[in-house]
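The values are calculated or read from the model by the stated rules, or taken from the named source; none is laboratory data. The structure presented is a predicted model; accordingly, all values stated were derived computationally and were not measured. Cβ atoms come from the backbone with ideal geometry, glycine included; neighbour counts cover every protein chain shown. When the accessible area is computed, the model is the full protein with side chains, heavy atoms only, and any ligands, DNA or RNA have been set aside. Shrake-Rupley method; radii C 1.70, N 1.55, O 1.52, S 1.80 Å.
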Amino acid sequence: MRDQARRETAPPLLDPASRVPLTFEFDSSLQDLLDFIGDITGINVTYDEQFVDSQVSFRIDGMSLEATLDHVLSTNQLFYKVINPRTIVVVPETAQKRGQYDEQVIQTFFVSNADVQELAQLLNQLVRVPGMAVQPSVIPNSLNNTITVRATAPVTAIIEQVIAANDKPLAEIIIDVTILEVNREKAKRFGLNLTDYAIGGVLSPEVAPPNTAISPSGISSPPPFNVNTVSQGVSTADFYLAVPAAVVRFLESDSNTNLVAKPQLRGQEGQTMTLNLGEDIPVPQTAFTALAAGGAALNPLTSFTYRAVGVIVEMTPRVTYDNEIILDLMVENSTLGANIDVAGTSLPTFGSRKVVTRLRLRDGESNLMAGLLREEDRRTLRGLPGALRVPLLQSLLGDNDRAIRKTEIVMLLTPRIVRTHELTQRDVSPIHIGTQTNLALSGPPPRIAAQPDAGAPPLPLSAQPDADTPAAIDAPAPVAPDVDEPVAPPPPAQRDPVVPVPRDEPGVSAGQLAPLPAARVLVTPPGALFRVGGGPYTVPVSISGASQLSTMSLTVTFDPAILSVRTVQEGSFMRQGGMQVMFTQQVDSEAGVIQITSTRQGDATGASGAGLVAAVLFDAVGVGSATLNVDGTAMTPGGVSLALEFSTSTVTVQ
């Protein structure tokens with residue numbers, strides 16, 4: 001849809017009658033020079049009303065028509081606009097004239113992954129250049145996640161490239177978390193317990209105390225009695241004593257608790273993933289309010305908040321462009337402690353062990369975090385004074401109580417990348433946008449149509465102006481062409497590899513070219529030995545000896561039981577000359593087939609030589625030998641099939 005829209009809205013291109021490179025010397029007025037160029041190339045040159053003629057001197061040697069016009073006009077602060085395939089208008093290079101002649105477009109870009117507000121802010125800072133005749137307008141639509149742009153056509157093309165480079169899906173990872181919490185408690189109580197080692201006494205001369213079987217520490221007060229009873233005499237029968245009860249303890253306990261959790265968390269980079277294993281404990285919060293409006297704040301109002309107690313893990317991952325993972329990690333192990341009294345209110349306390357760190361891990365690399373150890377050793381000894389310090393008696397006559405408690409947290413983290421940054425060759429290449437006064441992709445936009453026969457280089461033309469123009473005489477002066485009957489260019493010379501087929505050969509039309517030499521497609525693994533769990537391993541798919549290649553379709557097969565495809569990235573070979581390329585790839589993981597198609601858009605010359613077509617990132621998932629086979633077809637811009645030779649590679653996975 002995008003390619004069809006570009007073809008339908010493409011601006012008119014100049015189609016001169018002669019495409020022969022120009023060679024001349026000229027020393028005359030600028031208007032005479034431009035008229036001369038128009039005459040020998042078969043185009044009409046018109047002038048803006050504010051065009052001012054001047055005396056110029058130029059020497060041109062083997063330059064194309066577009067390069068000649070750009071050179072002559074830019075050095076004189078002029079530019080030209082194509083009106084139709086045979087007419088241009090020469091205009092002064094001013095902001096006012098740019099605003100008058102530059103075509104404007106409104107285009108909506110549909111954003112899939114990036115935030116349109118941030119993207120719009122980025123575009124405004126990049127493409128709003130001081131001094132531009134037409135400042136672009138960038139309007140984000142958060143509801144539809146689109147950006148609508150009003151600008152000139154070249155600036156809109158730049159904005160499209162910037163949006164494509166920034167509208168990338170975030171990488172995704174899976175983190176395997178293994179948590180082991182070990183609690184161990186040992187208690188030992190032995191010895192003689194004499195009920196607080198106390199003797200209690202009560203004076204009750206009239207009646208016996210209510211409870212004569214009470215313990216020494218819990219003797220209750222007797223009922224009141226008359227004081228005259230005491231004046232009559234007190235005997236030992238009026239006193240009641242409570243002696244301590246003897247309890248012999250020989251208790252020992254040993255308990256172990258293991259808590260194991262193995263969750264698996266998946267999320268995008270930059271997003272915080274939280275794991276909470278525990279309980280929520282209510283914590284009261286008291287605020288004082290007024291009973292009536294304007295009164296003193298004396299009325300207590302209690303509300304409750306909940307605090308998580310247990311193992312809490314927070315992770316914020318980021319995937320680097322080297323396929324490493326930076327992990328911001330927070331691990332907390334909190335426990336509920338004993339209550340304390342604050343202003344007559346019993347409130348809970350919490351124990352906490354917390355670690356905050358940043359880790360840098362490779363894909364599949366595990367990290368073990370341990371050492372969150374807490375150990376309590378409490379010993380209590382009670383007994384008779386004096387005997388408590390005697391080694392043998394403290395065990396026989398004393399109360400021994402010892403408790404040991406150990407708690408440890410062990411955590412194993414293993415991050416794995418499931419979707420990396422989908423970078424292409426275009427993303428890492430700079431975007432050439434011309435000059436500050438003439439923004440366009442790859443410099444000034446092309447304004448002349450491509451040559452019909454790109455396989456043959458044109459011959460240079462030595463031209464001389466008329467006799468009244470002072471210029472070097474290189475050849476007889478050409479006759480000025482008539483507008484209705486443009487001068488036809490001389491026949492192009494043929495290159496050695498391309499030989500015309502004779503007209504009388506059966507089955508071949510006149511002018512058809514013989515097949516070009518076969519190109520070689522290579523699949524070259526980084527080594528013959530892969531390891532399971534290693535990688536990813538980048539396997540380039542390259543070509544050599546290509547000529548006039550415009551469309552290529554390749555099929556790469558592999559063993560899915562041994563290798564797995566992570567992603568397929570575009571190479572730079574098909575983008576020769578700054579051409580737009582439609583690159584598609586489709587992976588069938590079960591069948592072990594990769595389909596790669598690369599087409600140069602609007603191409604008339606094709607790509608030649610050697611270079612990288614694509615790169616396949618493999619993961620080794622099984623042990624054995626895997627063969628990488630490649631097959632496919634290729635065509636020239638004219639639809640002629642090109643011969644291809646293929647190679648086979650074998651890798652061993654251990």
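Some notes on this structure:
- No other residue among V129, V149, V134 is at pLDDT 90 or above and among the hydrophobic types (A, V, I, L, M, F, W, C) apart from V149.
- Matching entry among A634, A604 (being touching a residue at least 24 places away in the same chain (Cβ under 8 Å), outside any strand (DSSP E or B) and small (G, A, S)): A604
- Any hit, the stretch 611-632, residues being more than 20 Å from V418 (Cβ to Cβ), of a type in the set (D, E, K, R) and open to solvent by 10 Å² or more (accessible area, probe 1.4 Å): yes
- The single residue among T538, T584, T567 that is polar (S, T, N, Q), within 22 Å of S429 (Cα to Cα), within 27 Å of the chain's Cα centre (by Cα) and open to solvent by less than 50 Å² (accessible area, probe 1.4 Å) turns out to be T567.
- Selection from the stretch 309-349 of residues that are out of contact with any Leu (no Cβ under 9 Å at 6 or more places or on another chain), in a strand (DSSP E or B) and either under 23 Å from L277 (Cβ atoms) or touching a residue at least 12 places away in the same chain (Cβ under 8 Å) (or both): M330, E332, S334, T335, L336, T345, L347
- Within the stretch 319-337, not a single residue is open to solvent by 60 Å² or more (accessible area, probe 1.4 Å) and small (G, A, S).
- Pairs are defined by a Cβ separation below 7 Å, a sequence spacing of at least 6 or placement on different chains, a first member in the stretch 38-63 that is in contact (Cβ under 8 Å) with a residue 60 or more places away in the chain and aliphatic (A, V, I, L, M), and a second member that is open to solvent by less than 50 Å² (accessible area, probe 1.4 Å) and not in a strand (DSSP E or B); the pairs so defined are I40/S18; I40/A463.
- Those residues of the stretch 553-564 which are hydrophobic (A, V, I, L, M, F, W, C) and open to solvent by 20 Å² or more (accessible area, probe 1.4 Å), in sequence order: A561
- So V177, is it modelled with pLDDT under 75 and hydrophobic (A, V, I, L, M, F, W, C): no
- When residues of the stretch 523-544 are limited to those that are modelled with pLDDT under 85 and of a type in the set (G, A, S), the one nearest to T420 (Cα to Cα): G535
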